[in-house]
2 protein chains.
Amino acid sequence: MADRRPIGVFDSGVGGLTVLAALLARLPDECFVYLGDTARLPYGAKTPATVERYSLQCAALLRRYDVKAIAIACNTAASVAVPAVTQAHAPLPVLGVLEPGAAAAVAASASGRIAVLATEATIAGGAYERAIRALDPRATVTGLACPLFVALAEEGLTSGPIVDAVVRHYLEGLDPLIDTVVLGCTHFPVLAPALRAALGRRAIVDSAATTAAALAGLLSRHGALAEGGEPPAPRVRFLATDGVARFARVGRAFFGDALTDDRVELVDFAG
Amino acid sequence: MADRRPIGVFDSGVGGLTVLAALLARLPDECFVYLGDTARLPYGAKTPATVERYSLQCAALLRRYDVKAIAIACNTAASVAVPAVTQAHAPLPVLGVLEPGAAAAVAASASGRIAVLATEATIAGGAYERAIRALDPRATVTGLACPLFVALAEEGLTSGPIVDAVVRHYLEGLDPLIDTVVLGCTHFPVLAPALRAALGRRAIVDSAATTAAALAGLLSRHGALAEGGEPPAPRVRFLATDGVARFARVGRAFFGDALTDDRVELVDFAG
């Protein structure tokens, strides 16, 4: 039986749009509600307790739109809040981007030496290291907090001398035996071309494609796929907790020109 | 009659500590309660409506500590929220850092050509330009949004190749007739040495000292100075809405080693 309800996706801001793009491509029959918590972004320097509280509020807000599943498209939130959100909304399927990102890294690495680039909070919590080592106990994981990457991506600065200097700052001296680098923050894929130059022949992976595949599997197991038929147009409803014009402007770097100002709705948690 | 109640000071995070340091020096008999809204920082890319709402919550939280005045030590908040906070807490004296910063700029400039470096929100609102032209109608004000400066200051990156590249990015091509540059964000004073090299002989001013003088005058007019006697030790009570250890660590770059972890109390708006 086809389930035509939308899938809820949330992030602290626009970074999760890189995941949304992969979901749209992988799940062509599905429609989505995307929430960016722009009133409180970024999450990456906040404590686990605060990020968990914010994530629970984002999930509760998405439930107002009758979502059939929730994808946590923010690595910082996914690294601490999946258990709490799952418990609060059981039996709704809840998926974070972290385990799919870890799976992508393990699949790409021959040496088992993997670097994770992420926010301060994600690295401090060690969740990527645990997820990677759960899949490959012999893996060696190097976590690198790269908070300025978020600021660069938010400002639309994705190439040029500043980006090159910041990339050198974080990646200089990276162990040459590391053969795979995980972009463990959904903001980072827009910096991939600049990172490519610094990372040489190493594989660069992110969570987007593997999260889409994992969500397809999860929906299938829950009998919750839309399965054919015509999805509504447009397929995404965009919500932001502050600054819809800025959300659209910055978001276009992540999602493309289809993200126009008039498509973003202002929402608040109190409603 | 001496009024020994504390003065409330708030900022989105640690930037306002540059103002607090000036207040401590200028008002040696006074004690303070400093609040950093670290759970929702930064304010600089958020909308006026959201910044006003957050500012009202910060002011209400400070009132729980029986403050006798409120200093808004965040330029973004001061640029939009002084009227609302003043009205909500009348007749309590409320002071923002913006007019004192504008006064410092007008006093320093011979040419009347002034640049303001600030957050995206402060520049977009035009409050500095209005405040400067209210004091000197012939002044020409150039506003430059420098959002990456906040990220650099928050990461403790105050010199080196990244800072130099970011400074060049924002300040290259600055009109040579501009003789005065206002640091219109309380995060920016820690970058002053790097800015000095780029700005040549131009005057660099910030709000800290003039805000302290203005607050002394305001308290005097309200008959609310502590006036002699021994202030309590320590003279500052530090509050943060998230991440007290991070607040102390980053805050030391702004305030010095006296800001130890155990001096910062976690608070929330609901309490």
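The values are calculated or read from the model by the stated rules, or taken from the named source; none is laboratory data. Remember, it's a predicted structure, so these values are computed and weren't measured experimentally. Every residue, glycine as well, gets a Cβ built from its backbone with ideal geometry; the counts of neighbours run over all protein chains shown. With ligands, DNA and RNA removed, areas are computed over all heavy atoms of the protein, side chains included. Shrake-Rupley method; radii C 1.70, N 1.55, O 1.52, S 1.80 Å.
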Past the 17 angstrom mark, what percentage of all C-alpha to C-alpha distances in segment A:178-271 do you count?
68
Tell me the Rg and the Dmax, in Å, that the Cα atoms of chain B produce.
17.7, 54
What angle, in degrees between 0 and 90 and rounded to the nearest 10, separates the Cα long axis of helix B:98-108 from the longest principal axis of the Cα atoms of chain B?
50
Per residue of segment A:196-205, what does 6.51 cos²θ - 1.76 cosθ + 1.60 with θ = phi - 60° give for ³J(HN,Hα)? Whole Hz please, x for Gly and Pro, Karplus curve as stated.
3, 4, 7, 9, x, 8, 4, 6, 10, 10
If I take the rotation axis that carries chain A onto chain B, which residue of chain A has the nearest beta-carbon, and at how many angstrom?
A:A151, 2
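Could the peptides B:252-263, A:5-16, A:222-233, B:110-121 be put in order, highest first, of the mean number of other beta-carbon atoms found within 10 Å of their residues? Numbers along the way, then the final one.
Numbers: B:252-263: 14.7, A:5-16: 27.8, A:222-233: 13.1, B:110-121: 22.6.
Going by the mean number of other Cβ atoms within 10 Å, highest first, we get A:5-16, B:110-121, B:252-263, A:222-233.
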If we hang a label 7 Å off Cα along the beta carbon direction at A:S220, how far is it from the matching labels on the other copies, in nm, shortest first?
7.8
Give the angle, between 0 and 90 degrees and rounded to the nearest 10, that separates the Cα long axis of helix B:48-63 from the longest principal axis of the Cα atoms of chain B.
30
Determine the relative contact order of chain B: mean sequence separation of Cα pairs under 8 Å and six or more apart, normalised by residue count, in whole percent.
28
Report, for A:A270, each distance to the same residue's label point in the other copies, shortest first and in nm; define the point 7 Å along Cα→Cβ.
1.6
In nm, what does the list of distances from A:R201 to its counterparts in the other copies look like, shortest first, when each label sits 7 Å along Cα to Cβ?
5.7
Determine the relative contact order of segment A:99-207: mean sequence separation of Cα pairs under 8 Å and six or more apart, normalised by residue count, in whole percent.
37
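Just from its helices, what would the mean residue ellipticity at 222 nm be for the protein assembly as shown, if runs of 4 or more DSSP H residues each count -39500 (n - 2.57) and the sum is divided by every residue, rounded to the nearest 500 deg cm²/dmol?
-13500 deg cm²/dmol
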For segment A:6-16, Karplus-derived ³J(HN,Hα) couplings (6.51, -1.76, 1.60; θ = phi - 60°; whole Hz; x for glycine and proline) come out as x, 9, x, 10, 9, 8, 5, x, 9, x, x
At R0 = 25 Å, how high is the FRET efficiency between A:D257 and A:T158 if r is their beta carbon distance? Nearest 0.05 is fine.
0.95
Solvent-accessible area lost in complex, 20 Å² minimum, residues of segment A:160-191 relative to chain alone, 1.4 Å:
A:I162, A:A165, A:H169
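Which number comes out as Rg/Rh for the protein assembly as shown once both Rg and the Kirkwood Rh are worked out on C-alpha atoms?
1.00
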Please work out the Cα center distance from segment A:216-271 to segment A:44-113, rounded to the nearest Å.
17
Please give the helix B:17-26 orientation as an angle from the longest Cα principal axis of chain B, in degrees from 0 to 90, rounded to the nearest 10.
70
Using only alpha-carbon positions, what ratio does the radius of gyration of segment A:99-207 give when scaled by 2.2 N^0.38 Å?
0.99
At 1.4 Å probe size, with no ligands or nucleic acids counted, give the accessible surface of A:L174 in Å², nearest ten.
30
What spacing in nm lies between the two simple spin-label points modelled at B:R130 and B:A192, each 7 Å away from Cα in the Cβ direction?
2.8
Note down the nm distance, to one decimal, between modelled labels 7 Å out along Cα→Cβ at A:L144 and at A:E227.
4.6
If amide hydrogens are placed 1.01 Å from N in the peptide plane, which non-local residues have theirs closer than 5 Å to the one on A:R237?
A:F32, A:V33, A:Y34
Which aspartates and glutamates, if any, have their Cα less than 18 Å from the Cα of B:K68, not counting same-chain residues under 8 positions apart?
B:D3, B:D11, B:D29, B:E30, B:E227, B:E230
